[in-house]
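FYI, it's all coordinate maths here, none of it is from the lab. On a predicted model such as this, the values are computed, not experimentally measured, just so you know. Every residue, glycine as well, gets a Cβ built from its backbone with ideal geometry; the counts of neighbours run over all protein chains shown.
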Amino acid sequence: MSGIIIVGVDGNDTSMKAARTAAALAKATGATLSVITAYGQDRTEKVEIGNDEWFLSTADEAEKVARSVAAELGADGVATTYSSVQGKPAEALIAEAERVGASMIVVGNVRMKGLGRVLGSVANTVAHNAPCDVHIVKTAS
């Protein structure tokens, strides 16, 4: 399998476990790993210190997370891309998979048991709606 494998990250330990598994799959199959960070509303904040001013954006912060993870995973020779996508995590992963014609989405199994399963999980939503294969990584007990 070549093509594109998508993984969503938010910087926490469970998403990194799924990302490392996605990187191993991409390396083994010759696929490109696309690292995605989803964000809600794009809010921009202006910060002024003296005569300097900076604009901080949720989209920019999400992209920094994705870029950092892609750089870490790409250091092992995996071809990586990264982006930030506006929306809920599951919806963002599915939309991105459709947009790029991904061959697989890799997600963790967080919230797939108990009350979390009733309320919904990213993995459950992706597994039921993805346009491609889904690999669910055991990231939570």
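With r defined as the distance between the Cβ atoms of Glu98 and Glu61 and R0 fixed at 25 Å, what FRET efficiency is calculated, to the nearest 0.05? Walk me through the intermediate numbers first.
Details: r = 25 Å, r/R0 = 0.99.
So, using R0 = 25 Å, E works out to roughly 0.50.
Subtracting the Cα-Cα distance of Gln86 and Ala28 from their residue separation scaled by 0.36 nm leaves 17.9 nm. Each peptide in 34-40, 93-99 receives the mean, over its residues, of other Cβ atoms within 10 Å, and ordering these scores from highest gives 34-40, 93-99.
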